[in-house]
Every structure is written in structure tokens, then in C-alpha cells.
Amino acid sequence: MKRASALLVLLFVCCIHPTSAQTVPTPESVLGHKPGDDFYLASYDESREYFRRLAASSNRIKLITVGKTTRGLDWEIALISSPENLAKLDRYKEISRRLADGRGLSDQEARTLAREGKTIVHIDGGLHSTEVAGAQQSINLAYKLVSSQGDPEVDAILDNVILMLWPTLNPDGQNEVSAWYRKNVGTQYEVSPLPDLYQEYVGHDNNRDGYMNNMLESQDVTRTELDWEPVIFYCHHQTAPFPARIFIPPFTEPISSNIHPLMLRWLNVIGVDIAAYLDAHQMPGAIHRVGFDNWYPGFLDYTHIFRNSISFFTETGLYRYATPRFYTVNEFPKEYQSLRSQIFYSSPWKGGWWRLKDAVDYMQGASMAVLDTAAKYREVLLYNRYQAARDNMERFRKDPPFAYVIPREQRDLPTAATLVQKLMLNGIEVQLAAQPFHANGRDYAPDSWVILMDQPFSPLVKELFEAQQYPELRESPNGAPIRPYDVAGWTLPMQMDVHVDAVTEPVNQTQRAHLRKLEQFTWPAGSVSGSGPVYSLTHKANASFKAINEVLDSGGRVGFAPAESETAAGKEKGAMIISGIDHERLLKIARENSLTIKSLAAAPSDLLAAKKPRVGLYRAWVPVIDEGWTRWILENFDFAPQTLRNGDIQAGRLRDRFDCIILPDSGNEEIMNGFGSGTISGEYVGGLGGSGAAALREFVQAGGTLVAFNDASLFAIAQFGLPVTNVVGDLKEDQFYCSGSLLQVELNDVNHPAVWGLPRDPIVMFELGPAFETKEGFRGNVLASYPKERNPLASGYLLHPERIQGKAAALEVHYGDGRVYLFGFRPQWRGQSHGTYKFIFNAIYSSVLPKPPPIAKPDAKPA
């Protein structure tokens with residue numbers, strides 16, 4: 001009888017508490033390994049299977065689908081909390097969104113909601129798939145929270161927090177990296193680098209897509225964050241500044257002034273809480289305020305702070321993959337060998353074995369610290385979120401800019417619409433002027449876009465629209481200048497060549513009455529006037545290139561008018577003339593690309609006929625992020641680039657297959673030699689080598705066009721023997737420095753086909769690139785130069801601008817029957833610099849047009 005009673009009690013307990021440890025599968029029971037084991041990495045597919053098994057066993061976890069990845073995987077994340085909280089998810093989600101928005105609430109109402117609400121916290125397994133520990137710790141963290149019984153720390157977290165646990169922010173990459181490591185484990189190539197971008201187009205730059213949201217994964221993350229409005233956004237990274245084991249906020253200087261101070265204060269509090277938690281759990285080596293600043297807003301794990309979410313990352317120690325490494329103090333930098341405690345490095349790591357398990361444990365400890373803080377300060381964190389929204393709205397009711405206006409009168413209207421789309425993807429409200437909108441002493445035409453700044457996330461708009469002025473800062477005590485961790489200037493209207501006006505006087509109710517909030521983004525209407533048979537299209541719009549590519553794919557004909565021709569945008573040189581295409585098909589192209597196409601009575605007599613260029617894009621085995629961005633842009637504009645590996649180029653006869661070949665930003669050494677022998681399996685060893693360089697020279701001599709971005713220009717100069725010098729090549733950082741800023745250039749001849757459609761003084765992203773001076777024997781054209789009499793800096797940081805003033809930024813060099821385009825910048829930078837895309841597109845189309853004669857070059861100097 002007693003035995004039967006005991007069984008009944010046990011059955012009763014299990015029914016009430018299905019989360020007991022006996023019913024929850026351990027990671028090793030599903031995966032065959034414990035995440036963190038030496039020489040083992042779980043793939044995303046395996047992780048997803050474990051999370052599904054976990055969710056089937058417990059009422060503390062619920063899985064939701066947030067979208068699909070670039071390579072087509074279903075993307076699932078876990079919501080972990082108490083069963084009671086999960087049963088009321090809709091209510092807590094509503095509270096979080098109301099507090100994040102702030103409108104329609106009094107302070108007292110907000111306090112009431114904060115008392116009722118739960119702290120929604122985002123924690124993820126990382127963006128960068130070769131930083132492997134994060135995606136392993138998310139499995140262990142889920143198991144700990146779901147399986148623990150009678151643990152006061154876990155119970156407090158589950159009662160007060162709703163955890164949005166993203167197993168990884170890059171499922172495709174986790175699968176690829178784990179497969180690569182498994183293939184090589186136990187061989188001499190066990191820790192060899194991955195010969196591929198682990199996110200299809202952007203690799204490591206998936207964390208530089210925070211406000212542009214170009215990639216599907218970025219869009220999925222941003223959309224989900226806006227839907228759930230987590231108070232904290234925490235992303236795991238590797239590696240820490242050696243020999244520290246984990247980097248934790250506070251960050252170093254400088255920081256943006258467009259972040260609400262409460263977010264920055266809490267960021268610092270959380271950082272200190274993590275360090276204290278790790279020390280209390282015998283995990284030394286946490287360091288603060290080294291290396292990483294709060295300046296660039298484009299990080300996917302940081303952009304959210306401008307929407308009043310406490311967003312940050314940590315960097316945990318990493319060797320390579322799941323292979324352990326033993327470190328001695330002698331390997332430490334000299335300043336750390338004494339193992340002396342420092343203000344921001346209070347518990348120095350003493351060396352020894354470092355395993356994947358150690359990194360996983362540190363990450364899990366940091367995650368628990370964040371959740372513990374979120375639980376303890378639930379009410380104040382929720383109320384502070386409301387305060388930030390309230391304060392932002394009040395600030396821009398009193399201080400300018402009170403609004404921004406994006407007029408419809410633009411050089412490139414579809415690109416202006418793209419800017420509006422990017423704002424709306426970021427949760428920014430945009431208004432449409434139903435009538436003329438009067439501001440700044442003028443009337444803006446109906447349908448102008450207006451961004452009112454008294455909205456909760458308005459600091460992000462200011463951060464993206466204003467020119468950056470990177471401060472002159474110095475380290476103490478040595479006084480060395482603090483350089484930007486990433487880029488220093490990114491102003492979006494400048495990058496995209498979109499005219500935007502700041503409104504400097506308050507927007508009154510009469511003005512507001514003529515505005516209508518855009519509930520969803522819509523593209524400007526495209527149209528075709530007249531019935532042909534010849535049509536003209538402006539050269540000023542990037543979308544025009546996509547349109548003519550589609551026309552040519554449809555069997556139509558395209559030509560360029562070298563003299564001024566009539567377009568819907570007025571008279572311009574380089575107008576695109578279309579014929580031989582069905583009117584309905586052309587109308588579809590116009591509508592899809594938001595273009596206005598005008599019918600002409602006849603084609604110009606001097607028309608330069610074009611065919612669709614055959615484009616090759618060099619893709620080295622050494623992963624080059626710039627190649628991925630280039631491929632993504634060319635595919636989006638329907639250029640259909642063909643990937644060229646080393647062997648494809650070395651095989652020669654390139655002119656038979658291509659009109660234009662593009663070299664993305666890479667150094668001469670990287671292009672020529674690639675991976676060294678012994679560092680990776682043989683099929684990936686080497687670069688173009690002498691035979692590849694010779695094949696490219698033969699291609700250009702036979703009439704082909706070679707396009708080189710940024711440092712790839714130095715490869716072309718060296719391997720082609722071009723009479724061009726990089727004037728900043730031998731300068732040290734204190735003699736010239738620009739890690740990424742927007743610089744103004746001047747076109748030497750606006751009539752040259754390579755610059756058709758560009759403004760006379762475009763703005764380019766200069767990022768540690770070359771600036772050119774030509775030598776005796778130069779044949780070709782200077783396309784763009786930095787101003788000679790003034791500082792070219794438009795936004796960011798430029799040390800010693802005089803070094804490049806008057807020097808060339810872009811060249812067309814004649815070589816045999818072909819040409820080489822040298823761009824001392826990245827005209828497609830991170831999919832942001834739409835304003836300089838035409839440098840690329842014109843260069844590509846020049847490959848199928850007659851070569852123009854050289855124009856006068858005032859800066860030519862003898863060798």
C-alpha cells in the first residue's frame with residue numbers, strides 16, 4: 001500500500017512539474033556530445049533538433065519561427081520563462097511594446113505597466129560562425145533554465161524574465177563551419193581557416209548590417225526585435241583582447257551623443273554585473289574599456305540601443321574551433337606578464353589550458369549574470385525604457401531638428417525611396433505630405449516624405465542623417481591618439497546621394513494636418529509615356545541599369561546617347577535609349593523599378609549601341625567580404641556576374657568569355673599568393689600567381705575591361721606595370737589616416753561615359769585605401785580627384801588631408817586595346833554607398849562601348 005501511494009505521489013508530481021530533470025533531455029542524450037567538448041561542434045540542424053526535443057518535454061519553453069535564412073533554412077528561436085508567463089505572452093508583449101513606444105501613457109500609467117510586465121531579454125549564440133562557442137552555449141543555457149529544479153536564481157529569472165534565446169544569429173554559417181571542422185578534425189588541417197564566406201554574401205560583415213538590413217537575416221532580427229521590444233539585447237562574440245578571457249562593457253571612448261543616457265548607464269551596470277558574477281564563480285580574466293568603442297551605429301548587435309534597448313556584445317577568448325590550446329605567461333604581452341590587477345582588469349588570467357568548454361562556461365556565466373540583473377531590476381528597467389521614449393519625444397519638440405524632409409525632386413528617386421524603406425525597416429515612422437508641406441521657408445511638393453522627430457526612436461534618424469565629427473581623443477597615460485574601431489563617418493544621405501533637409505523650426509498642428517502616416521512602405525509609381533517605338537531613360541537612377549539589363553534579357557535594344565538627349569528628367573548626356581521591346585513588357589519593367597520612361601519620336605543619330613556585358617567577378621579562396629557585397633549588388637541589379645576562381649583565370653582566353661572582370665578589395669599579396677602551402681588542404685592553396693596575372697594582362701590587351709576596387713588597384717598597378725603611384729602607400733598612421741570616412745571628390749570631366757549620371761562632386765567612402773598620382777607615360781583619364789584647395793572630409797575623420805588634396809581618387813588607364821579602372825575607394829561599400837554605384841555600373845558598360853580618347857590631365861608628373 002505504501003509503495004502504491006508513493007507511485008501515485010510521484011505520478012502527481014510529474015504531472016504538475018513536467019520540467020523535472022528526469023523528463024528533460026540532456027544535450028548529450030540528443031547530440032551524442034555535451035556542447036563544449038573538445039573536438040566537437042554541434043551544427044545548427046542538430047541544435048534545432050535539440051531545441052525541438054526540449055520544447056516537447058517542457059512547458060518552460062516555446063519555439064517560434066522568425067523567418068528563413070539566405071540559404072533557405074527555417075529559423076527558429078526559443079522563448080523561455082515560467083509556464084505562467086508563457087501562458088500570458090501576448091499580454092507581456094503588449095506591455096513591452098507600449099512602454100517602448102511611450103505615447104499615450106502618463107508616468108503613473110507607465111509605472112503600473114512596469115510593475116505588471118516582465119523583462120524581455122534577447123540573448124543569442126553569436127553572428128560570426130567561426131566564433132563557435134556562442135552557438136554551443138545557447139544549447140547549455142537552454143537546458144539549465146528548463147531543467148533546473150529548486151534553484152532560487154533560476155526560479156527568479158523564470159518568474160521575472162522572458163528570454164528570447166536565439167541559438168545563433170547565423171544558422172547557415174553554423175552548419176558550414178561545423179561541417180568544415182568535422183572534415184578536418186584529426187588531420188594536419190584541423191584548425192585551418194574556412195575558404196568561404198560563412199554568411200552567403202557578407203561573411204563577417206553580417207554584423208555591419210544593423211541599420212541597412214540588406215541581408216535576410218538582418219531583416220529577420222530587426223523585425224523580430226521590433227515585434228517583441230526586448231529591454232536588453234546581448235550578443236556573444238569571440239575573441240577577447242589577449243590575454244583577457246572576456247571583454248565586457250564599459251566600452252572605450254568615443255560614444256555617440258544620440259543614445260539616451262539611461263541606456264548607456266545600464267550598459268555599464270550590466271557590464272560590471274557580468275564581471276562580478278564571473279569572479280564570484282571563479283572565472284577570472286574579465287576586462288573592460290579596451291579596443292571596442294561605441295561610435296559606429298551599424299552593428300546588428302548595437303543599432304538597437306538607438307531604439308532604447310540596452311544593446312551590447314561581449315568578446316570571449318577563442319583559440320580555433322573546438323581545439324584546445326595551452327598558454328604560458330611568457331606568451332602574454334609584456335604589460336600583462338606581471339599578472340598585476342588593474343582598474344579595468346581586476347582578476348588577471350594566469351594562463352594554462354583554454355578549451356571550448358571554458359569559453360562556453362564563461363559565456364553561460366555572462367548570460368546568467370545578464371538574466372539575473374534583468375530579474376532583479378525588472379520594474380526599473382521597464383520604466384526606464386518608457387522614460388527614454390518619453391524623453392526622446394520631448395527633446396525633439398524643443399530642439400532641432402524637428403523633422404527631416406526627403407523631397408520627391410531627386411537625382412535618383414528610386415534610391416531616395418530606398419532610404420525611406422530603410423528607415424521604416426528600423427521602426428521609424430514616416431509621413432507622406434498629402435498637400436504642399438511648408439517648412440524652412442519653402443513649400444515641399446505633395447508626396448514628399450517627412451520624418452517627424454518627436455517619435456520614440458528618433459535618435460537613430462539623427463545618428464544616420466547628420467555628419468559625423470570624430471573627436472580628437474588620446475589614450476592616457478601614453479597620450480596615443482584613439483583611432484576608430486570601425487568607420488568614423490557613414491551619413492546615409494551623403495552615401496546614397498539623396499537630398500534631405502532638416503527642419504529647423506517646430507512643426508505646428510496645421511503642418512501636421514497635411515501629413516499622413518505611411519503604414520507600410522510603397523515604391524514610387526513607375527510609368528511609360530507614349531507608345532514608342534523608341535524610349536529614353538535617365539542615366540541618373542541606379543535602377544535604370546537594372547531596367548536596361550532586363551530590356552536586353554527580353555531581347556530589346558539599348559544604346560547610350562553621348563550628346564544631350566531628352567529624358568523624363570530633362571536633357572542629359574548618357575541617356576539610355578530603348579527600342580525593340582513590347583510596350584507592356586517595358587511598362588512592367590518601369591513599374592518594378594519605379595522609373596519614368598519617356599517615348600521618343602526617333603533614336604538619336606549618334607547612339608552608342610550596347611549589348612549586355614559579360615561580367616566576371618574574381619572570388620579567391622581567401623574569403624573576401626568585398627567580393628560578397630559586390631556579388632550581391634550585381635545580382636540585385638541583374639548583371640548576372642559569373643564567379644571566377646583562380647583556375648578559371650589561369651586557364652586564359654578570358655576575352656572569349658568576358659567583357660569586364662572585377663577585382664574586389666584585396667591586397668596584391670592576397671590576390672597573388674592566397675593561402676600558403678600547409679595552412680589548408682591543397683585545393684585551396686595559392687592565388688592567381690604569375691599565370692593568372694598574365695591571363696588578366698592578356699585579357700585587357702585584347703580589349704577587355706578590368707575594374708579594381710580599393711587595394712586591388714595596387715595589384716593592377718604592380719602586375720600591369722601601370723604608370724601610377726599610391727601617394728599614401730608609405731605613410732605611417734601619424735602621417736595620414738582614414739579608416740573609413742566620407743570624402744568629397746570632384747569629377748574631372750562630367751561628359752566622360754565613366755561618370756555619366758553622377759553629380760559633379762560625389763561623396764565616396766574612403767577606407768584605408770590608395771590615392772593616385774600619375775607618372776610619365778600615363779594614357780587614360782583622371783575620372784575623379786580630391787579637391788586641391790580644401791579638406792575633402794564630409795563626415796568622419798581624416799588625419800592630414802593635405803596628403804591627398806589634388807590627388808586622383810579614380811582613374812581610367814588605357815592598356816593595349818582595353819582599359820583598367822582604378823578606384824581608390826569601395827564604390828559599393830557594405831551595400832550602403834548607393835550614390836557611387838554608378839562608378840561600377842558605368843565601368844561595366846564601358847566594356848561594350850567604344851574606348852573614349854584620353855582627356856587632359858593637369859596632375860601628370862614625370863616618373
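The values are calculated or read from the model by the stated rules, or taken from the named source; none is laboratory data. Only a predicted model underlies this, so the values are computations on that prediction, with no experimental measurement involved. Note that each Cβ is placed from the backbone with ideal geometry, even for glycine, and that neighbours are counted across all protein chains shown. These accessible areas exclude ligands, DNA and RNA; they are computed on the full protein's heavy atoms, side chains included. Shrake-Rupley method; radii C 1.70, N 1.55, O 1.52, S 1.80 Å.
Taking the criterion of being open to solvent by 30 Å² or more (accessible area, probe 1.4 Å), closer than 17 Å to SER531 by Cβ and either in contact (Cβ under 8 Å) with a residue 40 or more places away in the chain or assigned to a loop (DSSP other than H, G, I, E, B) (or both), the residues of the range 573-592 that qualify are GLY580, ASP582, HIS583, ARG591. A residue that is touching a residue at least 24 places away in the same chain (Cβ under 8 Å) and farther than 30 Å from ILE287 by Cβ can be found somewhere in the range 373-381.
Every residue, every condition in (1) open to solvent by 10 Å² or more (accessible area, probe 1.4 Å); (2) closer than 20 Å to GLU463 by Cβ; (3) assigned to a loop (DSSP other than H, G, I, E, B), yes or no:
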site	(1), (2), (3)
ASP227	yes, no, no
CYS235	no, yes, no
PRO243	no, no, yes
PRO249	no, yes, yes
LEU262	yes, yes, no
VAL272	yes, no, no
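Would you be able to say whether some residue in the range 171-182 is assigned to a helix (DSSP H, G or I), over 30 Å from TYR386 (Cβ atoms) and of a type in the set (Val, Ile, Thr)? Checked the range 171-182: at least one residue is assigned to a helix (DSSP H, G or I), over 30 Å from TYR386 (Cβ atoms) and of a type in the set (Val, Ile, Thr).
Checking each residue of the range 809-817 against the condition of being closer than 29 Å to MET215 by Cα, at pLDDT 95 or above and of a type in the set (D, E, K, R) gives no match.
Select from the range 678-706 the residues that are among the β-branched types (Val, Ile, Thr) and under 30 Å from VAL185 (Cβ atoms) and write down the one among them that is surrounded by the fewest Cβ atoms within 10 Å (Cβ to Cβ). Among those residues, the one meeting the criterion is THR679.
Remark: pairs (first residue in the range 110-135, within 19 Å of HIS236 (Cα to Cα); second residue of a type in the set (Ser, Thr, Tyr) and open to solvent by 10 Å² or more (accessible area, probe 1.4 Å); Cβ separation under 6 Å; 6+ apart in sequence or on different chains) = SER129/TYR198; VAL132/TYR321. Just one residue in the set GLU109, GLU131, GLU84, GLU116 is over 24 Å from ILE61 (Cα atoms) and surrounded by fewer than 21 Cβ atoms within 10 Å (Cβ to Cβ); that residue is GLU109. Once the range 206-219 is narrowed to residues that are open to solvent by 10 Å² or more (accessible area, probe 1.4 Å) and not basic (Lys, Arg), the residue that is farthest from GLU627 (Cα to Cα) is GLN219. Consider the range 735-756 and keep the residues that are more than 21 Å from ALA794 (Cα to Cα) and touching a strand residue (DSSP E or B) at 6+ places or on another chain (Cβ under 9 Å). The one that is surrounded by the fewest Cβ atoms within 10 Å (Cβ to Cβ) is ASP749. Does at least one position in the range 320-333 carry a residue that is on the phi < 0 side of the Ramachandran plot, open to solvent by 60 Å² or more (accessible area, probe 1.4 Å), of a type in the set (A, V, I, L, M, F, W, C) and without any contact (Cβ under 8 Å) to a residue 24 or more places away in the chain? Scanning the range 320-333, I find no residue that is on the phi < 0 side of the Ramachandran plot, open to solvent by 60 Å² or more (accessible area, probe 1.4 Å), of a type in the set (A, V, I, L, M, F, W, C) and without any contact (Cβ under 8 Å) to a residue 24 or more places away in the chain, so the answer is no. Mind listing whichever residues of the range 186-203 are under 24 Å from PRO324 (Cβ atoms) and out of contact with any Phe, Trp or Tyr (no Cβ under 7 Å at 6 or more places or on another chain)? Hits for the range 186-203 are GLY186, THR187, GLN188, TYR189, GLU190, SER192, PRO193, TYR198.
One residue stands out among those in the range 824-844 that are assigned to a loop (DSSP other than H, G, I, E, B) and under 13 Å from ALA708 (Cα atoms): the one that is most open to solvent (accessible area, probe 1.4 Å), which is ARG826. Exactly one residue among LEU849, LEU783 is open to solvent by 10 Å² or more (accessible area, probe 1.4 Å) and in contact with a strand residue (DSSP E or B) (Cβ under 6 Å, 6 or more places away or on another chain), and that residue is LEU849. Any chance the range 793-803 includes a residue that's in a loop (DSSP other than H, G, I, E, B) and basic (Lys, Arg)? Checking the range 793-803: not a single residue is in a loop (DSSP other than H, G, I, E, B) and basic (Lys, Arg). In the set (1) open to solvent by 50 Å² or more (accessible area, probe 1.4 Å); (2) more than 18 Å from LEU617 (Cα to Cα); (3) touching a strand residue (DSSP E or B) at 6+ places or on another chain (Cβ under 9 Å), the condition left unmet by LYS732 is number (3). Among the residues of the range 87-107, is there at least one that is without any contact (Cβ under 8 Å) to a residue 60 or more places away in the chain, in a helix (DSSP H, G or I) and over 30 Å from ASN392 (Cα atoms)? Within the range 87-107, one or more residues are without any contact (Cβ under 8 Å) to a residue 60 or more places away in the chain, in a helix (DSSP H, G or I) and over 30 Å from ASN392 (Cα atoms).
Residue pairs whose Cβ atoms lie under 6 Å apart, separated by 6 or more positions or on different chains, with the first residue in the range 479-506 and among the charged types (D, E, K, R) and the second crowded, with 16+ Cβ neighbours inside 10 Å, are ASP486/TYR296; ASP497/GLY835; ASP501/VAL405. Screening the candidates PHE709, PHE675 for the property of being modelled with pLDDT of 95 or more, open to solvent by 10 Å² or more (accessible area, probe 1.4 Å) and either under 29 Å from the mean Cα position of the chain (by Cα) or among the β-branched types (Val, Ile, Thr) (or both) yields one hit, PHE675. At least 2 residues being among the basic types (Lys, Arg) is the threshold, and among the strands (runs of 3 or more DSSP E) wholly inside the range 454-547 those reaching it are 515-517. Considering only residues that are of a type in the set (A, V, I, L, M, F, W, C) and either open to solvent by 60 Å² or more (accessible area, probe 1.4 Å) or assigned to a strand (DSSP E or B) (or both), which ones fall in the range 29-75? PHE39, ALA56, ILE61, LEU63, ILE64, VAL66, TRP75, listed by residue number.
Would you pick out the residues in the range 337-396 that are closer than 17 Å to ILE270 by Cβ, hydrophobic (A, V, I, L, M, F, W, C) and open to solvent by less than 20 Å² (accessible area, probe 1.4 Å)? Passing the criteria: MET363, ALA366, MET368, ALA369, VAL370, LEU371, ALA374, ALA375, LEU381, LEU382, ALA388. Run down ALA610, ALA602, ALA620 and say which single residue is aliphatic (A, V, I, L, M) and either open to solvent by 60 Å² or more (accessible area, probe 1.4 Å) or touching a His at 6+ places or on another chain (Cβ under 6 Å) (or both). Exactly one of ALA610, ALA602, ALA620 is aliphatic (A, V, I, L, M) and either open to solvent by 60 Å² or more (accessible area, probe 1.4 Å) or touching a His at 6+ places or on another chain (Cβ under 6 Å) (or both), namely ALA602.
Under the condition of being part of a loop (DSSP other than H, G, I, E, B), in contact (Cβ under 8 Å) with a residue 60 or more places away in the chain and over 24 Å from CYS660 (Cα atoms), the residues counted in the range 730-761 number 10.
Residue-by-condition table, conditions (1) open to solvent by 30 Å² or more (accessible area, probe 1.4 Å); (2) at pLDDT below 95; (3) among the aliphatic types (A, V, I, L, M):
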site: HIS499; (1), (2), (3): yes, no, no
site: ALA502; (1), (2), (3): yes, no, yes
site: ASN508; (1), (2), (3): yes, no, no
site: GLN520; (1), (2), (3): yes, no, no
site: SER531; (1), (2), (3): yes, yes, no
site: VAL534; (1), (2), (3): no, no, yes
site: LEU537; (1), (2), (3): no, no, yes
site: ALA547; (1), (2), (3): no, no, yes
site: GLU550; (1), (2), (3): no, no, no
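With respect to GLY104, is the statement that it is of a type outside the set (A, V, I, L, M) and surrounded by fewer than 17 Cβ atoms within 10 Å (Cβ to Cβ) true? For GLY104, the condition - of a type outside the set (A, V, I, L, M) and surrounded by fewer than 17 Cβ atoms within 10 Å (Cβ to Cβ) - is met.
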